[in-house]
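Below is one structure, written out as structure tokens, with a few remarks after it.
Readers should treat all values here as calculations from the given coordinates under stated rules, not as data from a laboratory. In this text the structure is predicted, and so the values were computed from the model without any measurement. A quick note on method: Cβ atoms are made from the backbone with ideal geometry, for glycine too, and the neighbour counts reach across all protein chains shown.
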Amino acid sequence: MTPTRTSEAPHKPSLLAKKQPSQQRSTQTYELILQATAEVLADVGIERLSTNLVCERAGLSPPALYRYFPNKYALLSELGQRLMQRQNELIPRWISPEVLGSSPAELEKALAGLVLDTYRVTKRTPGGVWILRALRAVPALLKVRLDSHDAVSKAQTRMLKQAFPQVSSKELALVGRVAVDVLYAAVEMLFDTPLNARAVAKIAAAMVASHLDRLRTRQE
């Protein structure tokens, strides 16, 4: 009887930086590596990105880079986390429990503003569009995107509970998660397809605002 072969699990590259800078000089090197990565990414895209190209752009030897990052996925992970943090920091400027409980028109305006602001911040970030695409397209980076969406969804669920106290937490958690993904998908669409940014933002915002208005109607 032929023994059954078991396939080995695919290797997952490490996404963790090897070393966090503790001195000014090492911090400068760390930031130089990330800046060079973003520039190379903007020039050549995800597939052609390599640590050798990053070293060449930064004027560093490979050992100098590997002192901090084990591979290109760790570089992309750090850039992805930073981009999503910048995007997430925009949310409190537009969304609050009061806004969530406001009229559909006011809520739609705020949500559309958030989509447009997120689009602009991503566009201004060096290599931002490619970082965004890497988070979606590279399996090794999936957790970075999902963790960020999960954290934002939980924060939005807490605010939704304040705005709609009579709705169950379970339902609001689902609403929060869907809303986050719908709005983020609208931002991604603007980089993939030549569409009018304001029109896309308005449609996505209207979809989310319409459902929240249903929750409001149920409470009255």
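When Val129, Val44, Val115 are screened for being β-branched (Val, Ile, Thr) and surrounded by fewer than 17 Cβ atoms within 10 Å (Cβ to Cβ), only Val44 passes. If we keep just the residues of segment 168-189 that are in contact (Cβ under 8 Å) with a residue 40 or more places away in the chain and more than 16 Å from Arg214 (Cβ to Cβ), which is surrounded by the fewest Cβ atoms within 10 Å (Cβ to Cβ)? The qualifying residue surrounded by the fewest Cβ atoms within 10 Å (Cβ to Cβ) is Glu188. Across segment 149-167, not a single residue is classified as farther than 21 Å from Ser96 by Cα, buried (at least 20 other Cβ atoms within 10 Å of the Cβ) and under 15 Å from the mean Cα position of the chain (by Cα). Of the residues examined, Val182 is one that is more than 30 Å from Pro13 (Cβ to Cβ), within 15 Å of the chain's Cα centre (by Cα) and assigned to a helix (DSSP H, G or I).
The set of residues in segment 61-98 that are buried (at least 18 other Cβ atoms within 10 Å of the Cβ), over 20 Å from the mean Cα position of the chain (by Cα) and of a type in the set (A, V, I, L, M, F, W, C) comprises Leu65, Phe69.
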